[in-house]
């Protein structure tokens, strides 16, 4: 059963929705926007311009646009002279330990358009964020095509682009937007390897995703479990195991050589030490938290449920600096949607053991998607729960294509094959309605009424 039509109107609607959020969001009301803007301005600055001057200008603009009032913090008696002296920003005084690709892109745009006003530069970088979000959306379309031949699944998966949090963060000044592309490339490559005898293109996409994640934001690596599963599937499926192993080893050697070349280039560019420190520090904190850290992994079930709830809210709809929430009933409705998707996923898994039932997703594709989702859940919720911190639902967006495809297939499976077309239409209508209601009933009242 197929649905006629094209997905481009959905892509256009997503771009318009993201532009609307860029216009409506007051300056600096996206998470970490001041510090990321400062890094981009620093990259575009002349050699004689000091970082402290950039911070003073941004802090002056923050006071002008009532930043502290929006986030319900006491306004400083005088404009702070640096980020470290400002409430909320003092806990994140610098982003300098992050790889510089996003800041170089942002600084290059600021130089190209010769922008000197920090607020205008911020809006330009928000437009850059939409461009990165558009690239991630196109990768989502590619992922849906690689994962499933049923056009109903593809259309409903594209409908997840209207998830309010994704639209909101698309127009942000944030290096994490590059990680959406990186994670999507790794997932698309994994599906290519798992579903096709021609694996060179898949390895190329995975390598490209890894390079982009290392140069931008480590969240892009959260779909690597999908690559591991795809590699195992490819080895098992090889009719000639030795020949298959030989091809895999040669591709792995090529992948290693490419990574080594990248490392040499990054070292020459001065990025390598920062990347190593960031990656090593993250791994050390993760293992310390799990093994010997002060926060035991055996927290109560109530704590894990709380972290999952916070993660779910953050993935769907939290605006501002984690301060603007919807009514609890809205999150209850969204929880029902997610529970329905979980039930549908259970049916998809159960179908593996029923040869007589038509399957929406192949076994290999389902395994790859579940592996990517596991990575997204760990990075967005699990690691924070282990360390006793607040879960970050938006950090699962590099794995959004996996969530989107499985969400679509699960709901179509749950409602039955005969109602599949109506499920797609109703599903897209519901997601669009959720976005419209989030803007009119949550966002606008919080910032303008």
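Within region 316-328, is there a residue that is assigned to a helix (DSSP H, G or I), more than 23 Å from residue 223 (Cβ to Cβ) and modelled with pLDDT of 90 or more?
yes
Is it the case that region 245-253 has a residue that's at pLDDT below 50 and either part of a helix (DSSP H, G or I) or within 19 Å of residue 367 (Cβ to Cβ) (or both)?
yes
Inside region 330-449, counting only helices (runs of 4 or more DSSP H) that do not spill past its ends, which hold 3 or more residues that are without any contact (Cβ under 8 Å) to a residue 60 or more places away in the chain and out of contact with any strand residue (DSSP E or B) (no Cβ under 9 Å at 6 or more places or on another chain)?
363-377, 420-437
Which helices (runs of 4 or more DSSP H) sit wholly inside region 133-206 and have at least 3 residues that are closer than 30 Å to residue 41 by Cα and in contact with a strand residue (DSSP E or B) (Cβ under 9 Å, 6 or more places away or on another chain)?
Qualifying helices (runs of 4 or more DSSP H): 164-170.
So that you can scan it fast, the table gives a plain yes or no per residue for (1) closer than 30 Å to residue 301 by Cβ; (2) at pLDDT below 90:
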residue: 393; (1), (2): yes, yes
residue: 396; (1), (2): yes, no
residue: 407; (1), (2): yes, no
residue: 412; (1), (2): no, no
residue: 416; (1), (2): no, yes
residue: 419; (1), (2): no, yes
residue: 439; (1), (2): no, no
residue: 444; (1), (2): no, no
residue: 449; (1), (2): no, yes
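If you check 405, 424, 430, 442, which single one turns out to be more than 20 Å from residue 148 (Cβ to Cβ) and buried (at least 19 other Cβ atoms within 10 Å of the Cβ)? Break it down into steps so the answer makes sense when it comes.
Details: 405 fails: more than 20 Å from residue 148 (Cβ to Cβ); 424 fails: more than 20 Å from residue 148 (Cβ to Cβ); 430 fails: buried (at least 19 other Cβ atoms within 10 Å of the Cβ).
Within the list 405, 424, 430, 442, the selection yields 442.
Does any residue in region 60-78 that is farther than 26 Å from residue 325 by Cβ come within less than 6 Å, Cβ to Cβ, of a residue that is at pLDDT below 80 six or more places away or on a different chain, and which pairs are these?
Correct list of pairs: 60/79.
The values are calculated or read from the model by the stated rules, or taken from the named source; none is laboratory data. Bear in mind the structure is a predicted one, so any value in this text is a computation, not a measurement. Quick reminder, even Gly has a Cβ in these numbers, built from the backbone with ideal geometry, and neighbours come from all protein chains shown.
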